[in-house]
Amino acid sequence: MYRALYRKWRPKSFDDVISQPHITTTLKNQIKNEKTAHAYLFTGSRGTGKTTCARIFAKAVNCLSPKDGEPCLECEICRDAENGALSDIIEMDAASNNGVDDIRDLRENALYTPERCKYKIYIIDEVHMLSNQAFNALLKTLEEPPEFVKFILATTEIAKVPATILSRCQRYDFNRIRTEDIRDRLLYISQSEGVSLDEDAAQMIASIADGGMRDALSILDQCIAFSENITKDVVFDAAGIAGRDYLFDVLEAVYEKDIKRALNAVEEIHSKSKDLQRFCAELLEQMRNLMLIKAAPSEKELVKCLPDERERLAAISSKTSLEEIIAKLDVLKGCFEKLSYSPSKRIELETTLIKLCSGQARIIRQEVSEETPVNINNVKNPPKKEPPPQREEQVDFSKLRAEDFKPLKEWADVLEEFSKTSPAVSGTLQNSQAYVNGNVMLINAQNEFFLKLFKIKDNALALGEVVKTVTGKSYVIRARAPQAAQETPKEAGKLLERAKGSEIPVETN
Ligand SMILES: [Zn+2]
């Protein structure tokens, strides 16, 4: 009978466990020094090795000749534990045994001394699924456990475990397994199984598995069922996902505003019965990569993609702004959520792509944006007929520090002067504040309507004119309407944070 790879290759000792050295080292030391706790809580996402570590622990504390905190894997206890033939190691799935009666049974049973082992070990998986009553019953046992009993509780949702339980357990947080570690393990296993697996394909499986070894091995299983010669294409087919070329086709189409190309790609994916929601998830992932490349170009390891894809991403990112990427990301996220319940996934995806291509994402975002960056630099006496392109002086907002912004002393004078020529606009600046640092000015308005008026070029120019007249200086101005304006450096800090996030100033010409 074929045995699933993840069962066959499940680590048998702590040293085989990948990516969790902080946990395995501590557990080994405890076992070696006979300083184990009576209750543990293992938390982490699926496939990170929680149950595996619990089983190894159960073997190691009971092993007849443990080595350095590791089970020997040869004695009768180790062997029977491995075969699941040891009644003193009890595994319980709280997802299906979550009632108070289940835990009461467990409590009664726990009072009996172990049959063959030193310790009776209870491993309770998905412990967050227990009912409140069941948790209360469990708590009593955790408070006064028989000395020959140990508990290992495992959960993917730590937030749902009551604090009273947490406080009784030693807690261990399992990391997502690093993509490189999964890739290397896949290559090792496939080699041992006599299956040819391309490195690209291994990388691909690892990134789909998203930190979970069990998922990675399940996908490898599926691939083996397809072919003994596993390439990237086999992975795409086996995992029912769209090829990466479609992905980048769509991505490029979106940024080139090429609706036809985007829709053709969807048609292609759909006709091949690929999973559209998964495709959307992959698109999100690449959109995230774009965002990271734009926002933090030096943090290369944050970007998850294949080596040749990085160039395509960099090319797209160079043609767009961070603001636009984030706006599109928002729209796509909305689409992903709708896809899980939408009866017509294809229409949903197509509508979204049309929105993304037509730049509607951008427009929607600007309407709700509470901040309007405006450039009113060098505006004195602009020529009426042929205005030269007004270029904003380069301001590197990331280099500015909030504490360097000082309230503009002449702001009241500016407002008074401004009210003479633009009473309506200046009315919306009641109780506003302005902060300056070098040639940058941040306006903290009280009234959101000011932003709408400020978007109108003439108003922005008029204000810049007055500022220049009163202060004798030209400023690059950013404006925002928050809930309340306070004359504190903290407020300036918030404004600055927002200014940093906006790379594209609104054109005033
Ligand atoms: Zn042993």
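The values are calculated or read from the model by the stated rules, or taken from the named source; none is laboratory data. Since the model is a prediction, treat every value here as computed from it, not as a measurement. Ideal geometry is used to build each Cβ from the backbone, glycine not excepted, and the neighbour counts take in all protein chains shown.
Only residues that are part of a loop (DSSP other than H, G, I, E, B), loosely packed, with under 15 Cβ neighbours inside 10 Å and out of contact with any Lys or Arg (no Cβ under 9 Å at 6 or more places or on another chain): list them for the stretch 101-129, please.
Once the filter is applied, which keeps residues that are part of a loop (DSSP other than H, G, I, E, B), loosely packed, with under 15 Cβ neighbours inside 10 Å and out of contact with any Lys or Arg (no Cβ under 9 Å at 6 or more places or on another chain), the stretch 101-129 yields 111, 115, 116, 118.
Report, by residue number, each residue of the stretch 403-428 that is over 13 Å from residue 469 (Cα atoms), assigned to a helix (DSSP H, G or I) and touching a strand residue (DSSP E or B) at 6+ places or on another chain (Cβ under 8 Å).
Result: 404, single match.
Against the conditions (1) among the aliphatic types (A, V, I, L, M); (2) in contact with a strand residue (DSSP E or B) (Cβ under 7 Å, 6 or more places away or on another chain); (3) closer than 15 Å to residue 119 by Cβ, where does residue 41 fall short? Just the number, please.
Tallying (1) among the aliphatic types (A, V, I, L, M); (2) in contact with a strand residue (DSSP E or B) (Cβ under 7 Å, 6 or more places away or on another chain); (3) closer than 15 Å to residue 119 by Cβ, residue 41 fails exactly one: (3).
Take the conditions within 22 Å of residue 7 (Cα to Cα), in the same structural domain as residue 144 (by TED's automatic domain parsing), of a type in the set (Lys, Arg) and modelled with pLDDT of 95 or more and apply them to residue 28. Does it pass?
no
Any idea which of 41, 27 is surrounded by 15 or more Cβ atoms within 10 Å (Cβ to Cβ) and within 16 Å of the ligand (Cβ to nearest atom)?
27
Which members of the stretch 250-289 meet the condition of being hydroxyl-bearing (Ser, Thr, Tyr) and either at pLDDT 85 or above or in contact with a Ser or Thr (Cβ under 8 Å, 6 or more places away or on another chain) (or both)?
255
Kindly list, by first and then second residue, each pair from a residue in the stretch 77-94 that is under 15 Å from residue 54 (Cα atoms) and touching a residue at least 12 places away in the same chain (Cβ under 8 Å) to a residue that is among the basic types (Lys, Arg) and more than 16 Å from the ligand (Cβ to nearest atom), limited to pairs with Cβ atoms under 6 Å and residues at least 6 apart or on different chains.
Within 6 Å, the pairs are 88/120.
Among the numbered criteria (1) surrounded by fewer than 21 Cβ atoms within 10 Å (Cβ to Cβ); (2) touching a residue at least 40 places away in the same chain (Cβ under 8 Å), which one does residue 261 miss?
The one condition residue 261 does not meet is (2).
Could we say that residue 132 is exposed (fewer than 14 other Cβ atoms within 10 Å of the Cβ) and among the polar types (S, T, N, Q) here?
Answer is yes for this residue.
For the stretch 57-79, which positions are buried (at least 18 other Cβ atoms within 10 Å of the Cβ) and within 10 Å of the ligand (Cβ to nearest atom)?
Result: 59, 60, 62, 63, 66, 70, 71, 77, 78.
Taking only the stretch 44-67 into account, find how many residues are not in a helix (DSSP H, G or I) and not aliphatic (A, V, I, L, M).
So the count comes out to 10.
Kindly indicate the residue of the stretch 212-247 that is part of a loop (DSSP other than H, G, I, E, B) and of a type in the set (Gly, Ala, Ser) and also modelled with the lowest pLDDT among those meeting that condition.
Of everything passing the filter in the stretch 212-247, 242 is modelled with the lowest pLDDT.
Here are some conditions: (1) crowded, with 16+ Cβ neighbours inside 10 Å; (2) of a type outside the set (A, V, I, L, M, F, W, C); (3) at pLDDT 60 or above. Residue 452 meets all but one. Which one does it not meet?
(1)
Taking residue 82 as the residue in question, decide whether it is at pLDDT 95 or above, among the charged types (D, E, K, R) and either within 13 Å of the ligand (Cβ to nearest atom) or buried (at least 20 other Cβ atoms within 10 Å of the Cβ) (or both).
no
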